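S.K.: Here's a structure for you.
Rule-based calculations on the coordinates, nothing more; no lab input. Remember, predicted model here, so these are calculated numbers, not experimental data. Positions of Cβ are generated from backbone atoms using ideal geometry, with glycine treated the same way; all protein chains shown enter the neighbour counts.
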Amino acid sequence: MNPKHLPVRIKLLVLATLAFGLGPFTTPATAQDADRERALALYEASNYVEALPLLEKLAAANPKDVVILSRLGFALYANGTTIKDPVERQKTLTRAREVLERSQAAGDDSNLTRIALGGLKAGNTGEGSFSKIRQAEAAMREGEEAFVRGELDKALAAYQRALSFDPRLYEASLYAGDMEFKKGYSSTDAQFRRDAFDRAGAWFAKAIAIDADRETAYRYWGDALDAQGKTTEARDKFIDAIVAEPYTNRSYVGLTQWADRHKVSVGHPKIEQPASSMKSEQSGNQTTITIDPGKLDPKTGSPYYWSFYDLTRATYKTATFPKEYPDEKEYRHSLKEEVTALRIVAEVAAKDLKEGKARSLDDSLNAVIKLNDTGLLEAYVLFARPDRGIARDYNGYRKANRDKLHRYWLEVAISQE
């Protein structure tokens, strides 16, 4: 199996290439080498059922073989999520976690291992259901069982059937696309590959039409596009994955690995902010603000401009938050508060620069000004400076500003060099 996509009941977590590549196959020198080659070939073909006993045997013979350990962990995970008996299922998944932890301890620092372990620790045990419609649920289960045996065509037919019973079943479209992707990826026929990847894209588009605010279909579509050499289109899909779900690590894997493959730098602007120049204390309805007078002198440069940020936030809690969020009984740090505070810094600094009151500004202030001028200050805050309070405003902002969130990655976070 190409480790770009995990088995279906592992929620197809992440596109990832293991840090420990297999390298080209050579003629087996021993019986153990022959077993290793066969086990890895079965794994690559998504036949986890047949691969599992061979991987168990190889891991027992060489417990320090990181490649075998990682494959064994995923094979256990894939098989475990299809076991119907809850006790046996949990036993297998517990062992999968132990094996993957051993692989990690031996030096496997791949995204695949880290995120899969995260899924196991979060309790992804395969006990949930896909659909409330009985026929759709049965078809999805049939697809799962076919997939772990490497029967991709049978799995694809099952997922298609599930979608016919439940047209709003996101996973059915997603998994059907994943089967087409795997078929194309493993084929040596160029035309078949192109056709399979195009069919995969069509399935991923169906999943997105069902739910545009889930990241996985975008990320998988990006895989299919990049495999066809459609670099720009792939990048855009990986960005769409982040826009869909920015507060989960797996959303970033596609863009991060795309950037690594294409030697592109990705990162948020480095905005360094001095320690706060103010302290506010509240007693009843009264707020007392203690100010460091030295920071209010324009000659101090950067600390002076950032003092406007501190002053805005010091008064926002009692003076502004109740008006901005009348339905919320308790104060929280919000997108509006953070953007208001940063915007006043940008406006005051830009005005002083234009009028010659400031000869120059540091990189951090220039970055804030540029974000404000391009209308991307909110996107920067939501992606680069979120806390729990700010994150609560993301969905509302995205509803009306998806284009700006996408632009932020294209124009700011991805290096244009």
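S.K.: What relative contact order, as a whole-number percentage, does the chain give when Cα pairs under 8 Å and 6 or more residues apart are counted?
M.R.: 11 percent
S.K.: Tell me, what are the semi-axes, in whole angstrom and largest first, of the equivalent ellipsoid of the chain as set by the roots of 5 times the Cα gyration tensor eigenvalues?
M.R.: Over the Cα atoms of the chain, the ellipsoid semi-axes are 48, 23, 22 Å.
S.K.: Please give me, ordered by residue number, the chymotrypsin sites (Phe, Trp or Tyr not before Pro) of the range 174-267 that lie in loop per DSSP and have at most 12 other Cβ atoms within 10 Å.
M.R.: Those that pass, being in a loop and sparsely packed, are TYR247.
S.K.: Hey, another quick one. Measuring from label point to label point, each 7 Å out along Cα→Cβ, what is the GLU88 to ALA319 span in nm?
M.R.: Output for this residue pair reads 6.8 nm.
S.K.: On to the next question. Can you show me the helix-derived [θ] at 222 nm for the chain, built from DSSP H runs with n ≥ 4 at -39,500 (n - 2.57) apiece and divided by the number of residues, rounded to the nearest 500.
M.R.: When only DSSP H runs of four or more count, the value is -19500 deg cm²/dmol.
S.K.: Shifting gears a bit: Given points 7 Å out from each Cα along the Cα-Cβ axis, report the ARG392 to HIS268 separation in nanometres with one decimal.
M.R.: 2.0 nm
S.K.: I'd like the FRET efficiency for ALA31 and THR231, computed as 1/(1 + (r/R0)^6) with the beta carbon distance as r and R0 of 60 Å, rounded to 0.05.
M.R.: Calculated transfer efficiency: 0.85.
S.K.: Right, next: With viscosity set to 0.692 mPa s at 37 °C, what whole-number translational diffusion coefficient in µm²/s follows for the range 278-413 from Stokes-Einstein and a Kirkwood radius over Cα pairs?
M.R.: Stokes-Einstein gives a translational diffusion coefficient of 203 µm²/s.
S.K.: Let me ask something else about it. List the lysines whose Cα sits under 22 Å from the Cα of LYS357, skipping any in the same chain fewer than 8 residues away.
M.R.: LYS295, LYS299, LYS370
S.K.: Rounded to whole Hz and in sequence order, give me ³J(HN,Hα) for the range 178-190 from the Karplus expression 6.51 cos²θ - 1.76 cosθ + 1.60, θ = phi - 60°, writing x for Gly and Pro.
M.R.: Couplings: 5, 5, 5, 4, 5, 4, x, 5, 8, 8, 9, 8, 4 Hz.
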